[in-house]
Structure formats: structure tokens, C-alpha cells
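The values are calculated or read from the model by the stated rules, or taken from the named source; none is laboratory data. Computed from a predicted structure; not experimentally measured. Cβ coordinates were reconstructed from backbone atoms using ideal geometry, including for glycine residues, and neighbour counts include every protein chain displayed. Ligands, DNA and RNA are stripped out before the accessible areas are found, and what is left, the full protein with its side chains, is counted by its heavy atoms. Shrake-Rupley method; radii C 1.70, N 1.55, O 1.52, S 1.80 Å.
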Amino acid sequence: MADDGTFEVDSGRVTEGASVFDEISSLAWDILNDFNGMTGGPLDWTGNDKIGLQIRGNYVTNQAATAASLSGMAESLELTGEAILSNLGDTQNTQADNADWINQEANDYEGRRG
């Protein structure tokens, strides 16, 4: 809202907000990469006996689920930032179109008044 109670998009502030999502999503992708780097190595430490194979199965399942969760979080943050910028563009275009229409109507009215 502008000070006079009218709605006006402050594109700078919206862009700043979107950049925060971009930074956070970048950090989330980094966390995922670090997680995969730390947990994605060989699993020979589990051994090949019955218990080792069970541990390996549980480990792989949990590691994959955690990686998928981190990936989903990073992707959703990234897409949110992109959506904010897309919506900003649409809103700015709508505002400009409305302002142009109002100005045209005002000019037409003045022209009719003589």
C-alpha cells in the first residue's frame, strides 16, 4: 500500500524478497550436495552378513528419503522465488496497463469537455 491508501507494487522490495528465496534455495541445494557427499559413499562398512545387509538396506532407504526431502525443499524454494518474480512482472504490467487506460480516459474526457 502506498501512503495514500492506494495499492502500488514496490518492485524493489519484491525483488529483494525473491532474492532471499534464491539465496535460501542455493543454501538448500548446497546442504543436499554436502549431505550426498557425506552419506553417498561406499557401504562396505556394513558387511555382507545378514545384519550388515539389513543395516545397508535401512541406511540406503533412509539416506534416499532424506536426500529426496532436501531436494524437494530446495526445489520448492527455488520455484517460489521464480513465481514471485513472475507475479511481479504480471502485476507491474497490469498496473501500467491500468494507468495507461486511466490516463487515456482522462485525456478523452478533457477532449470532450473542450
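The table that follows gives values for the structure above.
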| read-out | value |
| --- | --- |
| Percent carbon-and-sulfur accessible area, segment 4-114, ignoring ligands, DNA and RNA, probe 1.4 Å | 55 |
| Under Karplus coefficients 6.51, -1.76 and 1.60, residue-wise ³J(HN,Hα) of segment 30-39 in Hz, glycine/proline x | 4, 4, 4, 4, 5, 4, 5, x, 7, 10 |
| Overall form of the chain per C-alpha gyration tensor (a/c, 1.5; a/b vs b/c) | prolate |
| Inter-label distance for residue 11 and residue 92, nm, one decimal - labels placed 7 Å from Cα along Cα-to-Cβ | 0.2 |
| Segment residue 100-residue 48, extension gain: residue separation times 0.36 nm, minus the distance between their alpha carbons | 11.4 nm |
| Solvent-accessible area per residue for the chain (1.4 angstrom probe, square angstrom) | 74 |
| Contact order normalised by residue count of the chain, Cα under 8 Å, 6+ apart, percent | 41 |
